[in-house]
Each structure stands twice: as C-alpha cells, then as structure tokens.
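The values are calculated or read from the model by the stated rules, or taken from the named source; none is laboratory data. Keep in mind it's a predicted model, so treat the numbers as computed, not measured. Here the Cβ positions follow ideal geometry from the backbone for every residue, glycine too, while neighbour counts run over all protein chains shown. The accessibility values were calculated without ligands, DNA or RNA, using every heavy atom of the protein model including side chains. Shrake-Rupley method; radii C 1.70, N 1.55, O 1.52, S 1.80 Å.
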Amino acid sequence: PPTPPFDSPAARRLRAGLGMEPEHVAYGMRSSFGLPHVTPDMVIDWERGTAAPTGAELTALAGMLWCSVDDLAGRPRTLREYRVARGVSAETVAHVVGIELPTYLRMEETGQWRGNERQSDALTELLDLSLADFVTVSGRDWKLAELLQGAVTTRWQGYVRPAAKLLPLDRRLVEDVLRELHSAYRSTITAGLTWTNGTAWTDADDAGRDFLNHVVDRFWSTVSTVESTGPY
C-alpha cells in the first residue's frame with residue numbers, strides 16, 4: 001500500500017531531542033513493536049527523506065519518539081494522498097471534475113494528473129490545492145527538484161527560464177527565489193565546514209545533502225516569503 005506522508009526533518013529533530021541514536025530507535029521498533037526488519041539504516045533513510053515508513057512502521061516510530069503519528073505526518077505527496085487527506089472519495093472527484101472513474105483511478109495509480117485546464121481548476125477547488133500542491137499532484141515535483149538542485153549547485157541564472165516555463169509564476173519572482181536559494185545553499189555548506197574533531201567535510205556533505213533533499217519545500221517557502229515583500 002502507499003506509504004503515508006512523512007515529515008523526515010521532524011523525525012530527526014524529535015530523535016535528537018530525546019538523545020537517541022538511529023540504532024536505539026531501530027532496536028526499540030524491533031523489540032517493543034514486533035518489527036524485526038527495521039535497521040538503523042532504514043531509520044537514517046527515513047530521516048533523510050530517501051524513503052518513508054509504512055503505516056505500521058510510522059506508528060511504531062511515533063511510539064519510540066514519544067509523539068503522536070500526527071507529529072510525524074508530512075505534506076501529501078500524491079494525488080491519492082491529497083484526496084484521502086481531504087476526506088473525498090475517488091467517485092466524488094471523478095464526478096466533480098468530469099472524468100470517468102477508471103480513468104481517474106489510473107491517474108492515481110501513476111501519480112500524475114492529466115486533466116485539462118477546466119478539470120484542473122475543478123480539482124484544485126474540490127481538494128483545496130495550492131499551486132505547490134497542484135505541481136505535486138500533476139507529477140512535476142521531480143522536474144522541479146531537478147531544476148532547483150541544478151540552480152543551487154551551479155549558476156542559478158541558467159535555470160530561470162525553464163523554471164518559469166514549468167510554473168505559472170512571475171519571472172522576476174522566480175529570479176529572486178532562485179537567487180535566495182543559491183545563497184542559502186552556499187551558506188549552508190559553509191556553515192557545515194567546521195573542523196571540530198576533523199569532521200568538516202562530513203558535516204558539510206550532510207548539510208548539503210539535506211538541503212538538496214528538501215529543496216522543493218524550501219523553494220515554496222521562499223516563494224511565500226519573497227512574494228510577501230516584493231512587487232509581484
């Protein structure tokens with residue numbers, strides 16, 4: 001079954017706050033919650049956002065971190081997850097947007113919305129989707145992530161046009177956001193270059209990897225901030 005939305009930074013923050021290592025979490029999930037397959041590497045992958053726990057694993061992880069499942073719930077990532085989160089049936093979505101139910105269900109299975117403009121507007125209204133949400137359900141997150149990772153690690157100017165073409169945003173806004181993200185990434189890498197105990201490169205690599213893993217979320221957060229201060 002599809003994995004539930006998962007907030008990987010929250011999991012890492014909660015574990016660190018309890019003074020636990022991934023090994024402790026994995027051991028507790030095996031011994032106390034009957035999940036013998038859980039390993040420290042799995043816990044690390046969850047926290048890095050490269051994998052997500054199943055429903056049973058999420059419940060056990062919440063138990064180990066002394067929190068509720070809601071504390072570890074992330075933003076929905078697929079069309080189905082958005083629909084379920086809004087408490088709407090697949091039949092209702094298909095009827096409201098004007099698509100045959102089997103066709104709509106295939107969109108959920110592939111994770112890519114293929115409706116026309118009118119149908120997209122109806123879906124957005126029904127599921128109360130923001131632009132960021134709609135980009136996700138239309139299956140463009142991977143492309144956006146690819147563009148953003150290139151923009152922050154190389155010359156951001158070369159990614160303004162393709163990003164503006166992908167998203168219905170003001171070009172000036174896209175420029176300002178990419179510039180901000182590029183600067184934030186460089187600052188993150190620099191801040192990680194501490195020479196304590198000879199771990200400078202490891203710290204910088206981890207910080208940079210975490211930034212890139214969550215670059216889409218950072219993009220939308222920066223869009224909101226820049227929009228509130230600029231003439232767009």
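Values as computed for the structure displayed
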item: Accessible area (Å², 1.4 Å probe, nearest 10) - H95; result: 150
item: Over the chain, relative contact order from alpha-carbon pairs under 8 Å, at least 6 apart, %; result: 15
item: Å² per residue, accessible surface of the chain at 1.4 Å; result: 55
item: Local net charge near V88, Cβ-Cβ under 15 Å (Lys/Arg +1, Asp/Glu -1); result: -3
item: Percent carbon-and-sulfur accessible area, the stretch 8-71, ignoring ligands, DNA and RNA, probe 1.4 Å; result: 56
item: Note, ³J(HN,Hα) from phi for the stretch 113-128, Karplus 6.51, -1.76, 1.60, rounded to Hz, x at Gly and Pro; result: 6, 10, x, 7, 4, 5, 5, 5, 5, 5, 5, 4, 5, 4, 9, 6
